[in-house]
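Trainee: So that we are looking at the same thing, I have put the structure below in structure tokens.
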Amino acid sequence: MKKLTKPIEPIIGKSLDRVESIIHTHPTVNFLFGALFGAFDGLLRGAKETTQTQPFIRNNYDVKRFMGAVLVALVIGWVLPALYFFGWQCVVSKLLVSFIIGVFVVDVLWAIIAREDHISEGGFVSCLLIPAILPPQSPLWLVGLGAALAILFRNVLGGVGNNLVNPALFSRLFLTICFPSLLVTGYQTPFVGMPDLHSFRYGLDAVTHATPLTAFKTNGEVASYFSLLVGTSGGSLGETCRLALILSGLWLIKIRVVNWRIPVSYLGSVLVFSVFLSLIMGKAVAPPLFQILSGGLILGAFYMATDPITATYNQAAKWIYGAGCGFITVLIRDFTTLPEGVMYSILLMNLLAIPIQSLMVKIKYRT
Amino acid sequence: MLKEKENIGFKGGFNLSDTYPLRFCNIIERISSDGIPEVFEFRVPAQKIQHVIVNLCPTEPWALPNWVILEHKTSAFLNKLKEIKTRYLPEAGFYIVINKKEDEPVSAVKDYACNAEWMKVFAVDAKYPQDDPVMLSKVVLDIEMDFGQDTMTQGVLILDAQTVTAIYENCMLGNKVDSRFIALSGTGLKENEIINVQLGTSLEKILRNRIKESGTYRVFVNGPLHGREITDLSQKMDWSINNIVVLEELGKKVMFPMFKSDELVLTTNMLGELRRCVYCNFCDDICPVDLEPALYYHSYKRGEKHKARLYNLEKCIECGLCSFICPSKLELLQIIKECKALDKQK
């Protein structure tokens, strides 16, 4: 790779330097395109700053890598399986709309209006999550609106590092309130078998089916665990192939981007509470393993609840946070008319993370 | 008596030698001073010494390696130590800390320890900052020490291998000790080497003809993590300098940094842009004394420096690992120092 890039390096480097000097000497250009150029430049080139205070060497790991790892894991976890199950036309168009509207329109506009000096990498993660949590047949404008809302909402609260709740989930909550009918329909049945040209493009078009959780709610039907694990049962675009999500989530845990305490406590508490409830109430509640493998739980536990900014910082508080997510999820799934509760539970625990955090810090330091 | 412990004392710390593998040239050059060299003198401390910790486990890759002093004759070194003990510190307990990954000293010390009741041996992981006085006294003696406190006040004397041999030469044999070994390393040098320098030599003379001609460089003594930067090279060598690290400055943008990690490490480049704290927990995972540096950062950012004191701030040993690991490139150590300074003013 190094050899490949070597001949073009001086050319790109020089032209970037030239553009940079133009931008810095013309205030109007800087006002409009400074942030966009900064983001692009940041992807290609390293930082110019040197250390001025102790310690004088720094680790070779920055926020860009941190977010890049999440992006890679999400591509493996949901984009690749979704390409097979739902066809590339569905997946690629949604991703394009989400990225263009979210990052390149809303975020850039915000950077211009609010005079931010850079575009944050976190926007890519949010925009990659938006199509994943919407139904496969949701219209493109819905995806675009979701991405715009997510980025706008995050920026209003002060950008990456200050957001109170997960922006992707907040925007889905907003869409659920505004367009309820669009979010309960459009669950396309995943394609199974050898892909041909047609299926590779469209999947199994126009065949919709209720999600396993809705089916259980209406007629007590429990989908096969294998189909839930592999991804051949219906659901939102990115949540169906649990196997890929679990594997990529484990990889994220291994490289310490995701804190293992949250998925363990979240999934563990769902298991504990659902076992407890099914012992008391029998068949009236969903079986424990079905609860873990259905809906957006795996996606939520590995990618949404673990968002470090909205989770608690203290390690002990992470256990409470995860357990709270699991408890609320089981409660909503079993005792309300809603089929799925992952979104609400994570959003609620995001808000509760602040008091939990300060309580645990008070206990730890006895202040 | 041999005690072997995994990760004793703390969960954090960082294995620097995996990230920065440095190899030194075997030939040791001698550099003499232009003026009259200073002489090393050892005085028996006035306080009563109860414990002596001999640290044979340097945790930083740029520190002076053990083989230079021990010359693979560990038992001879321990004999010297025994003589020092019987003459000067007959009542003190001796504790030898060795790196459990170095096979030769470990086996030699093990063999020796079988017949020696006067010393205890600790084989530890060479994780930075294991050799910090606070960590050493906590791990070896279970004595709580404050950062910056003189260990003598608690009756603990911490020696490194080179000081032990110097004491032996000076006090037991009566020779004049006026030179010491120094490890020279870093990306700004042509070659990593070990030199024997007379005390009082200027750093300029040491580094002459050793630094790469191209590019700018910065000079640090006692390591870039908790050492200090030297801007005035006319400064004289003294006994406290263990190593000199010369790093490339690299104050420019490098194309495609993701493919060039080998060129970028061990330079003073920030290796990333300043961002807001993303609560990634890297700083409290790596902290050797189990603190949560991000809490100080948030107190500081809200303008409540005094609140940082509530979170065990005084326990910080200023090893710099939190700033080192931070992916958002926050100056956590600087913030901690500022909050501590506020504490002192009050």
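Trainee: Could you pull out every residue, at least 5 positions away or on a different chain, whose amide H is within less than 5 Å of the one on B:CYS287? Hs are placed 1.01 Å off N in the peptide plane, and Pro or chain starts have none.
Mentor: HN-HN under 5 Å from B:CYS287: B:GLY13.
Trainee: Same structure, new question: If you count only protein heavy atoms with a 1.4 Å probe, what accessible area per residue comes out for chain A, rounded to a whole Å²?
Mentor: Ligands and nucleic acids excluded, the result is 44 Å² per residue.
Trainee: Provide the FRET efficiency to the nearest 0.05 for the A:LEU279-A:LEU109 pair, computing r from the beta carbons and using R0 = 56 Å.
Mentor: 0.55
Trainee: Sticking with this one: What are the ³J(HN,Hα) values, in whole Hz, obtained from phi via the Karplus relation 6.51 cos²θ - 1.76 cosθ + 1.60 with θ = phi - 60°, for each residue of the range A:11-19 in sequence order, with x given for Gly and Pro?
Mentor: 5, 5, x, 5, 5, 5, 4, 5, 4
Trainee: Restricting to the protein assembly as shown, what percent of DSSP beta bridges are antiparallel, rounded to 5?
Mentor: If we restrict to bridges inside the protein assembly as shown, about 40 percent are antiparallel.
Trainee: Now a separate question. Check which residues have an amide H placed less than 5 Å from A:GLY231's amide H, if you skip close sequence neighbours.
Mentor: Result for A:GLY231 returns A:ARG242.
Trainee: Looking at the square roots a ≥ b ≥ c of the eigenvalues of the Cα gyration tensor of the range B:145-189, which shape do they give, rounded for a/c under 1.5, prolate if a/b is larger than b/c, or oblate?
Mentor: Oblate, because a/c is 1.5 or more while a/b does not exceed b/c.
Trainee: Do me a favour and compute the ellipsoid semi-axes for the protein assembly as shown from its Cα gyration tensor, root of five times each eigenvalue, largest one first, whole Å.
Mentor: In descending order, the three semi-axes are 56, 31, 22 Å.
Trainee: Something else about it: Heavy atoms only, probe 1.4 Å: what % of the accessible area of chain B goes to carbon and sulfur, would you let me know?
Mentor: 48 percent
Trainee: Same structure again: Can you pull the accessible area of B:ARG208 for me, 1.4 Å probe, Å² to the nearest 10?
Mentor: Approximately 130 Å² for this residue.
Trainee: Going down the list A:LYS14/A:LYS48; A:LYS318/B:LYS329; B:LYS212/B:LYS329, which pairs span over 19 Å between their C-alpha atoms?
Mentor: A:LYS318/B:LYS329; B:LYS212/B:LYS329
Trainee: Provide the FRET efficiency to the nearest 0.05 for the B:LYS315-A:SER181 pair, computing r from the beta carbons and using R0 = 51 Å.
Mentor: About 0.35, to the nearest 0.05.
Trainee: May I ask you to list the residues of the range B:146-173 whose amide nitrogen lies under 17 Å from a point 7 Å from Cα along the Cα→beta-carbon direction of B:LYS48?
Mentor: The answer is B:152-157, whose backbone nitrogens lie closer than 17 Å to the label point.
Trainee: Then there's this: Given A:LYS254/B:LYS138; B:LYS101/B:LYS337; B:LYS100/B:LYS337; B:LYS80/B:LYS101; B:LYS73/B:LYS127, which pairs have Cα atoms separated by over 29 Å?
Mentor: As for pairs spanning more than 29 Å Cα to Cα, those are A:LYS254/B:LYS138; B:LYS101/B:LYS337; B:LYS100/B:LYS337.
Trainee: I would also like to ask the following. Would you mind working out the accessible area per residue for chain B, using a 1.4 Å probe, and quoting it in Å²?
Mentor: 44 Å²
Trainee: Take a quick pass over the range B:246-325 and tell me how many lysine pairs come in under 24 angstrom between Cα atoms, counting only ones 8 or more apart or on separate chains.
Mentor: The number of close lysine pairs in the range B:246-325 is 4.
Trainee: Let me ask something else. HN-Hα J couplings of the range A:350-367 from phi, Karplus 6.51/-1.76/1.60, θ = phi - 60°, integer Hz, Gly and Pro as x?
Mentor: Each residue of the range A:350-367 in turn: 4, 6, 6, 4, 5, x, 4, 4, 5, 5, 5, 5, 4, 5, 5, 9, 6, 9 Hz.
Trainee: Report, as an integer, the average count of C-beta atoms from other chains found within 10 Å of each Cβ along B:319-327.
Mentor: 5
Trainee: Another question, then. Amide H neighbours of B:GLN130 under 5 Å, at least 5 residues apart or on other chains, H built in the peptide plane: list them.
Mentor: none
Trainee: Now a separate question. Please give the total accessible area that chains B and A bury against each other, computed with a 1.4 Å probe and expressed in Å² to the nearest 100.
Mentor: 5600 Å²
Trainee: Based on the Cβ-Cβ distance from B:GLU71 to B:VAL39, what FRET efficiency comes out when R0 is 22 Å, to the nearest 0.05?
Mentor: It comes out at approximately 0.40.
Trainee: Rounded, prolate or oblate: which one fits chain B, using the alpha carbon gyration tensor with axes a ≥ b ≥ c (rounded when a/c is under 1.5, else prolate when a/b beats b/c, else oblate)?
Mentor: Oblate shape, in that a/c is at least 1.5 and b/c is the bigger or equal ratio.
The values are calculated or read from the model by the stated rules, or taken from the named source; none is laboratory data. This structure is a prediction, so every number in the text was calculated from the model and none was measured. Glycine gets a Cβ as well: all are built from the backbone with ideal geometry, and neighbour counts include every protein chain shown. The area values use the complete protein model at the heavy-atom level, side chains included, leaving out ligands, DNA and RNA. Shrake-Rupley method; radii C 1.70, N 1.55, O 1.52, S 1.80 Å.
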